[in-house]
Amino acid sequence: MAATELADAASLAALVVTSFTHKRDDADEVTNAEDDSPAQLYHGQGTATFASGNVYSGPFVNGYMTGSNGTYTWSDGVKYSGDFLKNKIVGSGVYEWTNGCKYEGQVENSLRHGKGIFVCETSSSRYEGDWQKGIVHGHGKLLYDGGSYYEGEWRDGMKHGKGVMMYASGSVYDGQWESNLKSGRGTMRWADCTYEGEWKNGLPNGHGTHVWSLRGKAQAHQFPMRNKYIGHWLDGKRDGYGVFQYASGALYEGEWKDDMKHGHGKYVSEHGRYYIGSFQNDRPVGTMPKYQNDCPYVFPLPSPAASPEDELKDINNVILRYIVSLRQIYTYYATLGRTTAELDDSGALTRHQLLRFLRDCELTHKDITVAAMDRAYAVTYKQDPVFQDRYERPHDPHARFILFDFLTYLLRIAHLLYEGEQDLKVHDKGIAGEIAQLIKYDVLEKARTFPEENEGSTSAAAKTWKLQLLYDLEKEIGERLYNLYADLSNKRYECGATASYRDVLLMLQDYGLLSQTSLTVDRVLNVFVSTTPPIFSSGDYNLEHEL
């Protein structure tokens with residue numbers, strides 16, 4: 001620094017600094033030494049008191065506050081300790097306010113800038129993350145009083161971008177933000193419900209899915225599903241086109257306005273009653289088919305009847321005769337291999353559980369394949385205005401069956417097995433006789449409604465473990481196995497494609513899995529026969545049997 005610059009700095013400092021004390025190398029403190037040159041006066045460790053009442057204590061270099069471990073205290077009590085460079089607060093340091101708040105981290109031009117932590121003694125609030133020009137900006141985590149917190153992106157002091165908000169109640173929002181409001185795509189999870197979709201101004205806006213449960217301690221057959229709405233939202237309300245799946249299994253598909261069914265829509269009750277037409281203020285404009293205690297289920301008949309209404313009443317009489325046992329059977333199989341969390345999500349019977357039921361009832365031992373049973377059920381929905389997908393994917397592994405669907409499936413199986421039979425063991429006639437025969441002699445005599453006796457025995461425990469293992473494997477690799485099955489399948493019938501037992505044997509051979517010692521063809525065939533006895537008859541294997 002030139003001598004003239006030093007003289008100017010010293011003369012200006014005299015107007016700003018009211019007192020200065022510094023420590024020489026000999027450790028003697030000197031106050032306002034007039035014989036010092038300007039460079040000597042403000043160089044080294046010292047304490048300067050300014051006309052404003054502010055005080056700096058720390059290192060000086062050639063007349064500037066420069067170095068680490070300096071402390072600047074304002075007249076109002078605010079204090080900074082840390083790095084200085086030529087009279088500027090830069091680098092890293094600690095700000096302390098008189099109200100107990102404290103910042104520790106990076107600074108630039110006297111402002112919090114970079115990485116830093118802000119805390120307050122008077123509360124449990126704490127922010128740790130990025131700053132820009134004194135404002136929260138970038139990525140950081142803010143812990144609020146009460147235990148809630150936000151972690152994610154910030155802009156100009158507000159939540160903006162991707163972030164997670166954990167509320168004190170336990171609710172969680174994970175998604176996009178804009179100016180402190182939920183905006184964009186995000187998922188909000190409350191204690192008993194979830195919304196996933198688009199947001200704007202803090203409310204669901206656009207397309208989204210809202211799921212919540214009403215089951216509580218109710219039986220699975222009463223509320224097998226969770227309430228689920230998939231569709232359009234406007235300012236937090238259902239508005240536009242959407243599909244509402246009720247916990248009971250009923251379904252509405254159509255237009256909404258102000259959280260109510262409004263416009264054209266299709267409604268199907270959990271008992272099979274349809275209404276297609278206009279809705280206004282959540283109610284049908286036309287006449288909704290009424291529920292009848294003596295004929296609650298409106299089944300699609302598997303074949304034409306001279307008097308459909310009478311046939312339907314006869315079928316209902318049979319179902320109601322056995323409904324308590326059928327509900328117990330349904331509930332038992334719907335819980336197999338399912339965790340509590342999975343049952344909370346959906347207590348409806350799965351395709352895998354339905355297959356276990358069919359095997360326990362030995363219906364897979366009959367001459368009709370399970371694939372044929374699936375098709376018979378799927379054909380019911382060939383012209384259906386709501387469930388067309390059931391016809392298009394008759395073997396869908398993700399399908400769920402509410403109690404009504406389960407009963408409809410039984411009705412179709414009964415017609416496949418016993419149509420035209422003259423020597424049925426029941427007094428009911430027609431289609432009602434077919435379902436009565438199936439329920440009384442195939443289902444009630446063989447299906448399970450509770451765990452086997454002696455469940456604690458070694459053999460029973462092994463059987464239970466094996467069954468659970470199968471369900472666990474299905475959850476883990478079921479999708480890949482289904483894709484493999486689909487690759488093997490050929491479309492042999494009007495709806496759906498299936499594979500044969502021959503296809504599986506050839507696949508195992510192609511993969512080099514068959515051998516003369518371990519996995520032999522005979523062992524594989526024995527497995528096939530154990531699950532599907534009809535493929536072996538009179539000493540021959542029917543490998544074209546559908547799998």
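Any residue at all in the stretch 325-333 that is among the hydroxyl-bearing types (Ser, Thr, Tyr), outside any helix (DSSP H, G or I) and open to solvent by less than 20 Å² (accessible area, probe 1.4 Å)? No: zero hits. In the stretch 457-483, the residue that is nearest to the chain's Cα centre (by Cα) out of those that are of a type in the set (S, T, N, Q) and modelled with pLDDT under 85 is 468.
Only one of the numbered conditions (1) at positive phi; (2) under 41 Å from the mean Cα position of the chain (by Cα) is not met by residue 539, and that is (2). Taking the criterion of being exposed (fewer than 15 other Cβ atoms within 10 Å of the Cβ), hydroxyl-bearing (Ser, Thr, Tyr) and modelled with pLDDT under 95, the only residue of the stretch 142-197 that qualifies is 169. Meeting the requirement of 3 or more residues that are open to solvent by 30 Å² or more (accessible area, probe 1.4 Å) and in contact with an Asp or Glu (Cβ under 8 Å, 6 or more places away or on another chain), the strands (runs of 3 or more DSSP E) wholly within the stretch 217-291 are 237-245, 260-268.
Quick one: is residue 359 in contact with a His (Cβ under 9 Å, 6 or more places away or on another chain) and either crowded, with 18+ Cβ neighbours inside 10 Å or assigned to a helix (DSSP H, G or I) (or both)? When the stated conditions are applied, residue 359 passes them. So, residue 122, is that one open to solvent by 70 Å² or more (accessible area, probe 1.4 Å) and either over 24 Å from residue 83 (Cβ atoms) or not β-branched (Val, Ile, Thr) (or both) or not? Criteria met by residue 122. The single condition from (1) more than 30 Å from residue 201 (Cα to Cα); (2) of a type in the set (Phe, Trp, Tyr); (3) at pLDDT 95 or above that residue 252 fails is (1).
Within the stretch 77-94, the set of residues being small (Gly, Ala, Ser) and either open to solvent by 60 Å² or more (accessible area, probe 1.4 Å) or out of contact with any strand residue (DSSP E or B) (no Cβ under 7 Å at 6 or more places or on another chain) (or both) comprises 77 only. The residues of the stretch 52-71 that are open to solvent by less than 70 Å² (accessible area, probe 1.4 Å), at negative phi and not in a strand (DSSP E or B), listed by number, are 54, 66.
Those helices (runs of 4 or more DSSP H) of the stretch 433-547 in which at least 1 residues are open to solvent by 40 Å² or more (accessible area, probe 1.4 Å), of a type in the set (Val, Ile, Thr) and under 17 Å from residue 356 (Cα atoms), considering only elements entirely within it, cover 458-488, 521-531.
To keep it simple, each residue is scored yes or no on (1) of a type outside the set (Lys, Arg); (2) touching an Asp or Glu at 6+ places or on another chain (Cβ under 8 Å); (3) more than 22 Å from residue 106 (Cβ to Cβ).
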| site | (1), (2), (3) |
| --- | --- |
| 123 | yes, yes, yes |
| 129 | yes, no, no |
| 139 | yes, yes, no |
| 146 | yes, no, yes |
| 152 | yes, no, no |
| 161 | yes, yes, no |
| 168 | yes, no, yes |
| 171 | yes, no, yes |
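Let's see how each residue does on (1) at pLDDT 90 or above; (2) surrounded by fewer than 17 Cβ atoms within 10 Å (Cβ to Cβ):
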residue: 337; (1), (2): no, no
residue: 341; (1), (2): no, yes
residue: 353; (1), (2): yes, no
residue: 374; (1), (2): yes, no
residue: 387; (1), (2): yes, yes
residue: 414; (1), (2): yes, no
residue: 420; (1), (2): no, yes
residue: 427; (1), (2): yes, yes
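The values are calculated or read from the model by the stated rules, or taken from the named source; none is laboratory data. Note that this is a predicted model, so its numbers are computed, not measured. Virtual Cβ from ideal backbone geometry, glycine too; neighbours counted across all protein chains shown. Please note that ligands, DNA and RNA were not included when accessible areas were found on the heavy atoms of the full protein model with its side chains. Shrake-Rupley method; radii C 1.70, N 1.55, O 1.52, S 1.80 Å.
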